[in-house]
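J.: Sending over a structure as structure tokens; questions will come in a sec.
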Amino acid sequence: MGVFRRRAEAKDVMTALVEAGSAADLVALYDANPVLATPAALRRLTELIRSARDRGSPGLALAYWWRREFVYQAHHVGVSAAAQELVSRIGWYSRVSRLVLLATESRAVEHLVLVTARASAKDVPFLDDRGRVLPGEARWRTAGTLAWQMSRATDSEIDDYGALVMSTIGLALAPDDEPLVSTLIAVRAGAARRCADRDGAALDWAVLAAEQHLADTMPGVAGGEVLDDLLALLERRARPGDAARAEQVTRSTVSRFVDAGNHFLGEFRRTREMIDADLGLKYYDAALRDGHDPRVLLNIGNGRRERYLLTRDPDDITRAIEAGFAAVEGLSRDDDAWPAALSNLGLAHRERFVHEGRRADIDTAIDWGQAAVDAAPDDEDRPKYLCNLADAYSARLNADPADTGSARTVSDGQVKAHGRRYLTSSPSRLRDLNLAIGHYAEAIALAGPSHPDLVAYVTNHGSAIATRAALLGVDDGAAHLDTSQREGLRLVAPDDPRRAGIAFNLGSRTGDADLLAEAATQDNAPPDVRLNAALWWADTTTDLTARVAAHRIAVDMLARLAWRGRDRDHQQAQIMTRPGVACDAAALEVAAGSAKRAIEVLEQGRALMWGQLLHLRSNLTRLAESAPSIAEGLDRLRGRLDDPTGEVPRPGMRLRLLDAWADLLAQARALPEFEGFLAPAVFDDLDLGVPGPVVVVDVSRFGCSALIVTPGPAVRALPLAVTAVEVTARARRLRVLVSDRRRTALERETERRELLDILEWLWTEIAEPVLEDLGHRGVPEGEPPRIWWCPTGPLTALPLHAAGRHSRTNTQPTDLAQTVAGRVVSSYTPTLAALTGPEPASGDCLLVGVGAPPGRPPLPAVPAELDLLGTRLPSATILSEAAATTDAVRRALVDHSWVHLACHAQQDERDAVASGVELWDRRLTVAELMGTRTAGAFAYLSACETATGAIDLADEALHLAGTLQVVGYRQVVATLWSVRDAVAAEVSDVVYGGLVPGEPRPAAARALHAAVERVRSRHPADPLLWAPFLHTGI
């Protein structure tokens, strides 16, 4: 009985130890129970610390850590000494909390808290999981992490005060130029506000923290809510001077926000970077305190109108007009901003007319423009208003006079085709053109030779005169236009960013290759102008060297326009409007005799949205060996910049992140052997990551070729007789042939033969010449060799792996020697960089199946498929039907090296990153997966259209298979089009039968090859059943 009593007493003591509420309680407990110093007690406290950390309760973990430290010290140095040590260890925490509650002078509080926190943080031995003291640099990060975690668990006083103190420590120890300082400032402001809500004595600290947060919003605005918080705290505190302080803070903050908005909109006009426009508008929105400040509304209208010119988002121009009208209504007629408000409202209506075509808009634009000219004094702004009015009159030349409200305009081509008859058929047209010319002339006369906008007035004036001359048949107007644009070039300095635009306009119209080259090579010109000029230059000149140089610039500019700092919609738009740039550049490099350079431009200019991430990941692995802190910093910044939802961090924070990125990049490039870190790939430095060969098939309007890359690396170019037009036509026809639609029996038979024709054409024109060049001239004895295909452009939609002269009837077997599959085992890769990376670790398997999705056709074979795979993979995690939600699957992907998805999939042609797999609750999209990081070995997509990309973004690999490969899965099995449910289940069963569960590099390509051959042997003439299956990766 004594043994059991002692065990019970020990258990009671352990419970008391865990629940001790103060240092005094711990001391008294130890005095009465020396049994606390047993190894079991220390192990129990260590378990509790880890458990609390895992549950996201850092405050509780810290409390258990104090208990463990006291017990250990008491056992070695005695209760008294241990108690003194305990009090000194936790003193920093209690001292700061008391200072917050008791102080009366907020500036003195800040000084005392920072001094106390800095000293205490240096004394407190922050520990890692093994009990080792963290180095100094890691302490502020630890404090910051604890502060952030505590700020999220706002259900207790200890978490609020803990977040406050830990954020103060982090700020005291963090470097001043650290980007995450803004986050700590925000965390501290929030924690202080919650502490003040619990206890009014903390109001001083809350006001102090809010003021610091507001000051930090100058480089990073989070909106007017920060100012709102500070004003609410000042109103609540209500000390003498607080009301005046609130008014002063409001006035100065609004002024700062407007200045910042002006700055970023100015940058946007110079660089055409969307992030600058977004920043400017966010600052203006923050400055609009009561919603009625007419000058701020005027700025908002301008900003939205200018952004509309780039985005063509109807919401932008609608809100620009609404803000402009509100500004006009809010300003008095004697306000010096009155003419500007009138003119800018006219500009917004004119832009909407130009892009949407409603006659009422251009008529309204002229009315507002005339009102602005009438109201403007004879000062330096009057020429601008005259030019704006003249632009509106010129634009009305394209208005349909019969328009009664519908969106109808007359194109420039129609205007020029009808000439004099077009002008004279409506007297108002000639009058409008004459008025425009007169207003331009008046603007030029008033502006004077030093006016910054004189060049625009001169070129627009010449253009209007040229148009009138051409339409009246006086002459073709070219001489007038040449004269005005050349005068514009004379007026701008060689380094003026506007010069490139004028040179491009004149060069593209006259075919002057020298002017186009000047525009393309002007370093400080906007990237979109340089890109367009480079493409025109390449098409204008006949000199191969110049065409190569032009396309190198074009690829570089396209990479800039699609850089990770831009929002994802803008990236897609830039790439979609300029397809094939990299492929054309590669074809010209091949023509110039440089196959290596052809590979380099393809790697730089294709898969832009993936390539930057892949390039960074592979380079970081190497950098981490030499400079782990720099590599860690870049990886952390990459995660912040590449948000999985496509949304961006708050603008000011984004600027800090970009600045920090540039700083770390410079540090990395200063290291020996890292001078070219993250620079475009150099062929001789490529590491294929596979035994090869990799066949990059370049499809271009300048010619097609197979670039055969072998380990070394080495590359040779094999010319192909096929044309880009032929490839595009067959890719589009294949989309029709494999689409899900009703067909008659005759139509099905006709299309089956047509699909076999496409596979034979692929064999004759591309696959057979490549295999012959590689020496694969028949069915090999033993195991067939492997080959990796890297198609480009529209060829990415065609099944090279299934090419061949296949039997036309299911009763006659195919001669395998006349097929790709008979000679080699095929895999795909979107880029060479996608084949590189660390070897994946072995791990668990995840099986996901949705056979009866709500609102979608059922997939009857899915339950049986999961059951069969569950038998083959007994340790697998299974998420099926209602358990297979988007959130559950995303969380599980991170922890499993193998994943199998059996469900519907959908390719979105209009928005590629909206493609994905249909789970129980909704679609898991490519955009959501882009921010996921895994170390996966193998993914099997037993779904339809999982390797099909949008035609307009063919080179981006924005489909589910490409996404999973980029986020970390080294091998992916996917399909090009819909497959029968039963066939999909059979193929997956055979594939898994040939694999070893959980191995880091499964032989998936060979297993899929065998599974598809099994289906093809039974249905040799029905490629719809077996041709869509493909393997991508190592």
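J.: Can you work out which of the residues in the stretch 213-223 that are surrounded by 17 or more Cβ atoms within 10 Å (Cβ to Cβ) and not hydrophobic (A, V, I, L, M, F, W, C) is modelled with the lowest pLDDT? I'd like the intermediate steps shown before the answer.
T.: Taking the stretch 213-223 as the starting set, the residues that turn out to be surrounded by 17 or more Cβ atoms within 10 Å (Cβ to Cβ) are 213-214, 216-217, 220-222.
If we keep only those that are not hydrophobic (A, V, I, L, M, F, W, C) as well, we get 213, 216-217, 220.
On the way: 213: 84, 216: 76, 217: 63, 220: 43.
Among them, the one singled out is 220.
J.: Of 539, 584, which residue is surrounded by fewer than 17 Cβ atoms within 10 Å (Cβ to Cβ), modelled with pLDDT of 90 or more and in a helix (DSSP H, G or I)?
T.: Details: 584 fails: surrounded by fewer than 17 Cβ atoms within 10 Å (Cβ to Cβ).
From the options 539, 584, the qualifying one is 539.
J.: Can you find even one residue in the stretch 731-749 that is within 17 Å of residue 1026 (Cβ to Cβ) and in a loop (DSSP other than H, G, I, E, B)? Steps first, please.
T.: Filtering the stretch 731-749 down to residues within 17 Å of residue 1026 (Cβ to Cβ) leaves 734, 737-738, 748.
Add one more test, that the residue is in a loop (DSSP other than H, G, I, E, B), and what stays is 738.
Scanning the stretch 731-749 turns up at least one residue that is within 17 Å of residue 1026 (Cβ to Cβ) and in a loop (DSSP other than H, G, I, E, B).
J.: Could you list all residues from the stretch 292-313 that are over 13 Å from residue 277 (Cβ atoms), at pLDDT 85 or above and not β-branched (Val, Ile, Thr)?
T.: Listed by number, the residues that qualify are 293, 294, 295, 297, 298, 301.
J.: Moving to a separate point now. Going by the conditions given, is residue 209 surrounded by 18 or more Cβ atoms within 10 Å (Cβ to Cβ), at pLDDT below 80 and assigned to a helix (DSSP H, G or I)? Let's see the steps before the verdict.
T.: Working: surrounded by 18 or more Cβ atoms within 10 Å (Cβ to Cβ): yes; at pLDDT below 80: no; assigned to a helix (DSSP H, G or I): yes.
Taking the combined requirement at face value, the residue does not satisfy it.
J.: For the stretch 705-720, indicate whether the set of residues that are of a type in the set (D, E, K, R), under 36 Å from the mean Cα position of the chain (by Cα) and not in a helix (DSSP H, G or I) is non-empty. Spell out how you get there, then give the answer.
T.: Looking only at the stretch 705-720, we keep the residues that are of a type in the set (D, E, K, R), and these are 716.
Checking the rest, the ones that are also under 36 Å from the mean Cα position of the chain (by Cα) come to 716.
Okay, now just the ones that are also not in a helix (DSSP H, G or I), so 716.
Checked the stretch 705-720: at least one residue is of a type in the set (D, E, K, R), under 36 Å from the mean Cα position of the chain (by Cα) and not in a helix (DSSP H, G or I).
J.: I'd like to know if the stretch 186-209 contains one or more residues that are in contact with a Cys (Cβ under 6 Å, 6 or more places away or on another chain) and aliphatic (A, V, I, L, M).
T.: To start, the set of residues in the stretch 186-209 that are in contact with a Cys (Cβ under 6 Å, 6 or more places away or on another chain) comprises 202.
Cutting the leftovers down to aliphatic (A, V, I, L, M) gives us 202.
Checked against the condition, which is being in contact with a Cys (Cβ under 6 Å, 6 or more places away or on another chain) and aliphatic (A, V, I, L, M), the stretch 186-209 yields at least one hit.
J.: Condition first: assigned to a helix (DSSP H, G or I) and either more than 13 Å from residue 973 (Cα to Cα) or in contact with a Phe, Trp or Tyr (Cβ under 8 Å, 6 or more places away or on another chain) (or both). Now tell me which residues in the stretch 993-1009 satisfy that.
T.: Restricting attention to the stretch 993-1009, the residues satisfying the condition of being assigned to a helix (DSSP H, G or I) are 993, 1004-1009.
Selection gives 993, 1004, 1007, 1008.
J.: Continuing with this model, one more query. If you take the residues of the stretch 748-768 that are aliphatic (A, V, I, L, M) and touching a residue at least 60 places away in the same chain (Cβ under 8 Å), which of them is nearest to residue 809 (Cα to Cα)? I'd like the intermediate steps shown before the answer.
T.: First, the residues of the stretch 748-768 that are aliphatic (A, V, I, L, M): 755-756, 758-759, 762, 766-767.
Next cut, touching a residue at least 60 places away in the same chain (Cβ under 8 Å) only: 755-756, 759, 766.
Working: 755: 13, 756: 11, 759: 15, 766: 24 Å.
Here the residue is 756.
Table: residues versus (1) modelled with pLDDT of 85 or more; (2) in the same structural domain as residue 762 (by TED's automatic domain parsing).
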{"position": "821", "(1), (2)": "yes, yes"}
{"position": "827", "(1), (2)": "yes, yes"}
{"position": "848", "(1), (2)": "yes, no"}
{"position": "860", "(1), (2)": "no, no"}
{"position": "866", "(1), (2)": "yes, no"}
{"position": "876", "(1), (2)": "yes, no"}
{"position": "881", "(1), (2)": "yes, no"}
{"position": "884", "(1), (2)": "yes, no"}
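J.: Collect the residues in the stretch 479-504 that are in contact (Cβ under 8 Å) with a residue 24 or more places away in the chain and over 16 Å from residue 453 (Cβ atoms), keeping them in residue-number order.
T.: 481, 482, 495, 500, 503, 504
J.: Among residues belonging to the stretch 258-279 that are crowded, with 17+ Cβ neighbours inside 10 Å and over 21 Å from residue 560 (Cα atoms), point out the one that is modelled with the lowest pLDDT.
T.: Within the stretch 258-279, the match that is modelled with the lowest pLDDT is 260.
J.: Then there is this: Quickly run through the stretch 364-423 and pick out the residues that are more than 23 Å from residue 342 (Cα to Cα), small (Gly, Ala, Ser) and at pLDDT 50 or above.
T.: 402
J.: Would you please name the residue that is modelled with the highest pLDDT, looking only at residues in the stretch 328-359 that are farther than 21 Å from residue 386 by Cβ and in contact with a Lys or Arg (Cβ under 8 Å, 6 or more places away or on another chain)?
T.: The extreme case among them is 352.
J.: Still on this model: So is residue 860 farther than 25 Å from residue 986 by Cβ and outside any helix (DSSP H, G or I) or not?
T.: On the way: farther than 25 Å from residue 986 by Cβ: no; outside any helix (DSSP H, G or I): yes.
Taking the combined requirement at face value, the residue does not satisfy it.
J.: Could I ask something else about it? Just give me the residues in the stretch 738-776 being within 36 Å of the chain's Cα centre (by Cα) and surrounded by fewer than 19 Cβ atoms within 10 Å (Cβ to Cβ), in sequence order.
T.: 739, 740, 741
J.: Among the residues in the stretch 224-239, are any over 17 Å from residue 287 (Cα atoms), part of a helix (DSSP H, G or I) and modelled with pLDDT under 85?
T.: Yes - at least one qualifying residue is present in the stretch 224-239.
The values are calculated or read from the model by the stated rules, or taken from the named source; none is laboratory data. None of these values were measured; they are calculated from a predicted model. Using ideal geometry, Cβ is built from the backbone for each residue, glycine included, and neighbour counts are taken over all protein chains shown.
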